[in-house]
1. Of 67, 51, 10, which is farthest along the charge dipole of the stretch 4-77 in the positive direction, counting Lys and Arg as +1 and Asp and Glu as -1 at C-beta?
2. Only Lys, Arg, Asp and Glu count, each charged at its Cβ (+1, +1, -1, -1), so figure out the dipole size of the stretch 4-77 about its Cα centre, rounded to 20 debye.
3. Where does the charge balance sit around residue 56 when Lys and Arg score +1, Asp and Glu -1, over other residues with C-beta under 14 Å from its C-beta?
4. Got a sec to turn the phi values of the stretch 19-35 into Karplus ³J(HN,Hα) couplings, 6.51 cos²θ - 1.76 cosθ + 1.60 with θ = phi - 60°, whole Hz, x for Gly and Pro?
5. If amide H atoms are built 1.01 Å from N in the plane of the peptide, which residues on other chains or at least 5 residues away come under 5 Å of the amide H of residue 4?
Amino acid sequence: MKNMIGFVFVTTSVGHEREVYNIFVGIPEIVETYPVLGEYDFILKIKAGNLTGLQYILFKKIKRAQNVLYAELFPAADFESIKSKKDGKTQSLPDKKWN
């Protein structure tokens with residue numbers, strides 16, 4: 001099973017950032033947790049088997065955490081599955097680094 005990655009931008013109640021952080025580090029599907037400055041308080045990197053799994057983590061684990069006010073999921077694109085048309089043929093994108 002191929003893992004799917006998603007990023008979640010989270011806003012918390014003012015003054016409760018540390019306790020929310022402690023909740024997030026206890027959720028195994030959250031593989032990275034970054035406190036950030038600005039409109040959001042955290043950016044989370046989450047991993048699941050598919051989009052449904054990412055949504056489950058968002059709705060059942062992250063949004064239900066105490067003092068989480070807002071959370072938005074951004075699923076990562078799978079560039080291996082994106083196809084491009086060239087000379088009427090469908091082919092995979094070349095395996096190159098993005099500059």
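Taken together, the values in this text are just the output of simple stated rules run on the coordinates, not laboratory data. Model, not experiment: these values are computed from the prediction. Positions of Cβ are generated from backbone atoms using ideal geometry, with glycine treated the same way; all protein chains shown enter the neighbour counts.
1. Value computed over the given set: 51.
2. It comes to approximately 280 debye.
3. Summing Lys/Arg as +1 and Asp/Glu as -1 gives +4.
4. So the J values, rounded to whole Hz, are 5, 5, 4, 4, 5, 4, 5, x, 9, x, 6, 8, 8, 8, 10, 10, x.
5. Residues meeting the amide H criterion: 48, 49, 50.
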